[in-house]
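Have a look at the structure below, then the notes.
The values are calculated or read from the model by the stated rules, or taken from the named source; none is laboratory data. Keep in mind the model is a prediction, meaning the values are calculated, not measured. Because the Cβ atoms are built from the backbone with ideal geometry, glycine has one as well, and the counts that use them run over all protein chains shown. Remember, those area values only see protein heavy atoms, side chains included, never the ligands or the DNA or RNA. Shrake-Rupley method; radii C 1.70, N 1.55, O 1.52, S 1.80 Å.
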Amino acid sequence: MTLSSSRHSVGKTTTEGTEVFYGVDAVMRTVLQFLYQTDDKIDACVDYTRPSLAIDIVILKNAFLDAKKRGVKLRYATEITKDNISYCKQMMTMVDELRQLDGIKGNFYISETGYLAPATFHEAGKPAAQIIYSNVKEIIEHQKYVFETLWSKTIPAEQRIREIEDGTEAEFYEVITDNEKASQILVDMTKSTKREALIFLPNDKALVRIDRLGIIDYLVKASQNGANVKIISQLSEENTEIQKKISENAPNIIILDGNSSPYGMYIIDRKKFLRAELKRPGAEKFSDAIGLVVYSNRRMTVDSFESVFELLWKERMLVEELKKADRMQKEFISIAAHELKTPIQAILGMSSLLKYYPERTDQVVEVISRNAVRLQRLSANILDATRIESQTLKLEKERFNLRDLIPTIIEDYKEKIKDSANDRVELIYSDNLKNNNPIVVAADRERIIQVISNLLSNSIQFTSEGYISLNIVVDNNKEVIVTVRDTGTGINPEILPRLFSKFVTRSQKGTGLGLFISKSIIEAHGGRIWAESNVLDGQGTIFCFALPLEIKDSVGKGKGNRVIANE
């Protein structure tokens, strides 16, 4: 098809016109004439398949070499890939400058007198079957502008080749207006997650939209493979099912409740980020909901958005902690008021009875005394918890032999068991050490008594029959371990991980402070405390705490020996 009024040869003609040539032979003749007949400069912008053609087709390669030999300035922009990198290296010896241009699909050449555009083809390694040639001045000037615009976005070929060979990726910053393309990019990003995914969603509907894209499934899989996944999203009935899906399949994914926002943000492996404006908040599809999208892998840009996410994350964490603290405070006030009310009412009621039944003084006083002790214990626990929270809990440490302390506590509790409804429970003290050497610790004697008492009381409360045993061992001459084992009702697996937290209790009665206080006391001594199910007996619970053994100066010069009991 001829667009000009007359046919002409390529290159040196004064007649302006534009013409299309058909057939592989005609295309090759046109390209060769263009290369051989140009004396000044040639700018080429071609897709990733063209370097291989320029090298493999000998007559085309010779035409490039001839042009360079004649002093023609050759600038060549193409997409350098793993597949064509060897060809691009050879092309660098045949042109003056070769540069990398991402995603180029078209093909054209510009000289001072002509414009040449082989048709884009779909079969790699084959020359085009048609080509456009024009020497119309306006077309040439326009294409020069197009080339210079594209050339300004290129990077040196050496840089791109180095990136490919080193396994790195060229930096880019792309503004996307094609919403379907943005959707696919987001899917590809999350699908590639290896180490970390930071997701900030603009509203509760957004969690539903990205789930429909399959993104939640990719995040779940990434989390299961060890990736750290954090999501900030408004949580509501709109996305309850997705929250449940994540919780059941990837419990390590953390989701924090967020506020509405005009944009969403996605950062993957600290390498790439995508920021999408929210255009239609109620849209069902991701592509329908978003407006302008920014996509980049620039290090500084990714770091900046990651910093923004971390600030938002810390802010939401703080909000969650404040909510949790408020809930716990209200719960504590409710529990404490209920627990304190019981002994107070008993004391008040029994005090009134003294006026009317003086003959029952001993019985009434006993009830008053028992409830006063309970009230004292409750108030002491509340005070201890307050001191722990305010970090004002003080220890009065002294060196003492733990082997002398424990039997006294055991005898007291044996008497309590006899006087209680737990008379079918046997309290056993086991000291299986092979000698009578003292086990010396530097600790607050009363606080250690408090911890052991808490553990024994806890076991007595939940053991109606069987046994409760207390055992001490020395571990590696470094620490002493005290173990309380029972055959009681055991611990609900749901509360086991937070058993030593404040306000957590295994019963309907109690403030849930005993184990929290015990943990704080032991850790203040540099020790540790833990609990587990009693696997040996098939039921019940095991509580253990460890304290470091005291070092006694042997000659008063800083070096010392541990005072221990050998097993």
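Here are some notes:
- The lone criterion from (1) farther than 27 Å from GLY103 by Cβ; (2) outside any strand (DSSP E or B) left unmet by ASP47 is number (1).
- Residue check, LYS324 open to solvent by 40 Å² or more (accessible area, probe 1.4 Å), within 30 Å of HIS525 (Cα to Cα), at pLDDT 80 or above and not hydrophobic (A, V, I, L, M, F, W, C): no
- As for the range 145-157, it holds no residue that is surrounded by 15 or more Cβ atoms within 10 Å (Cβ to Cβ), of a type in the set (S, T, N, Q), within 40 Å of the chain's Cα centre (by Cα) and closer than 24 Å to ASN239 by Cα.
- Those residues of the range 265-288 which are part of a loop (DSSP other than H, G, I, E, B) and charged (D, E, K, R), in sequence order: ASP269, ARG270, LYS271, LYS279, ARG280, GLU284, LYS285
- Test: residue in the range 423-433 that is at pLDDT 85 or above, within 40 Å of the chain's Cα centre (by Cα) and under 25 Å from ALA380 (Cβ atoms): no
- Positions within the range 443-462 being surrounded by 24 or more Cβ atoms within 10 Å (Cβ to Cβ) and either under 14 Å from ASP412 (Cβ atoms) or hydroxyl-bearing (Ser, Thr, Tyr) (or both), in sequence order: LEU455, SER459
- Selection count, the range 474-498, where residues are closer than 15 Å to GLU550 by Cα, surrounded by 17 or more Cβ atoms within 10 Å (Cβ to Cβ) and more than 37 Å from the chain's Cα centre (by Cα): 2
- Strands (runs of 3 or more DSSP E) wholly inside the range 415-502 that include at least 1 residues being on the phi > 0 side of the Ramachandran plot: 466-475
- The condition of being within 58 Å of the chain's Cα centre (by Cα) and at pLDDT 95 or above holds for only one of ILE57, ILE42, that being ILE42.
- Residues that are loosely packed, with under 11 Cβ neighbours inside 10 Å and modelled with pLDDT under 90, drawn from the range 303-321: LEU318, GLU321
- Complete set of residues in the range 515-528 that are touching a residue at least 60 places away in the same chain (Cβ under 8 Å) and not aromatic (Phe, Trp, Tyr): LEU515, ILE517, SER518, SER520, ILE521, ILE522, ALA524, HIS525
Yes/no per residue for (1) open to solvent by 30 Å² or more (accessible area, probe 1.4 Å); (2) of a type in the set (Phe, Trp, Tyr):
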residue	(1), (2)
PRO407	yes, no
TYR413	no, yes
LYS434	yes, no
TYR467	yes, yes
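- Some residue of the range 86-103 being aromatic (Phe, Trp, Tyr) and touching a strand residue (DSSP E or B) at 6+ places or on another chain (Cβ under 8 Å): no
Conditions (1) within 26 Å of ARG160 (Cα to Cα); (2) free of Cβ contacts under 8 Å to residues at least 40 places away in the same chain; (3) open to solvent by less than 20 Å² (accessible area, probe 1.4 Å), marked per residue:
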site: MET28; (1), (2), (3): no, no, no
site: ASP40; (1), (2), (3): no, no, no
site: LYS68; (1), (2), (3): yes, yes, no
site: GLY71; (1), (2), (3): no, yes, no
site: ILE80; (1), (2), (3): yes, no, yes
site: ASN84; (1), (2), (3): yes, yes, yes
site: THR93; (1), (2), (3): yes, yes, no
site: GLN100; (1), (2), (3): yes, no, yes
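- Residues of the range 46-93 satisfying the condition of being within 16 Å of LEU35 (Cα to Cα) and of a type in the set (Ser, Thr, Tyr): TYR76
- Scanning the range 275-286 for residues that are closer than 14 Å to GLU180 by Cβ and surrounded by 18 or more Cβ atoms within 10 Å (Cβ to Cβ) yields ALA276, PHE286.
- For the range 289-302, the set of residues classified as part of a helix (DSSP H, G or I) and surrounded by 13 or more Cβ atoms within 10 Å (Cβ to Cβ) consists of ALA289, THR301, VAL302, listed by residue number.
- Exactly one residue out of ASN107, ASN179 is among the polar types (S, T, N, Q), more than 30 Å from GLU284 (Cα to Cα) and in contact (Cβ under 8 Å) with a residue 24 or more places away in the chain: that is ASN107.
- Members of the range 265-274 found to be within 14 Å of THR193 (Cα to Cα) and open to solvent by less than 50 Å² (accessible area, probe 1.4 Å), listed by number: TYR266, ILE267, ILE268, ASP269, PHE273, LEU274
- Hits in the range 239-266 - residues which are within 19 Å of LYS279 (Cα to Cα) and more than 14 Å from the chain's Cα centre (by Cα): GLY258, ASN259, SER260, SER261, PRO262, TYR263, GLY264, MET265
- Test: residue in the range 386-396 that is in contact with a helix residue (DSSP H, G or I) (Cβ under 6 Å, 6 or more places away or on another chain), open to solvent by less than 60 Å² (accessible area, probe 1.4 Å), at pLDDT 90 or above and in a helix (DSSP H, G or I): no
- PHE108 touching a Lys or Arg at 6+ places or on another chain (Cβ under 9 Å) and aromatic (Phe, Trp, Tyr): no
- When the residues of the range 152-182 are filtered to those that are in contact with a strand residue (DSSP E or B) (Cβ under 6 Å, 6 or more places away or on another chain) and hydroxyl-bearing (Ser, Thr, Tyr), the one that is farthest from ASP102 (Cα to Cα) is TYR173.
- Among the candidates LEU536, LEU513, LEU547, residue that is modelled with pLDDT of 70 or more and open to solvent by 70 Å² or more (accessible area, probe 1.4 Å): LEU536
- Among (1) assigned to a helix (DSSP H, G or I); (2) open to solvent by 20 Å² or more (accessible area, probe 1.4 Å); (3) aliphatic (A, V, I, L, M); (4) under 26 Å from ILE161 (Cβ atoms), the one test that ILE59 misses: (4)
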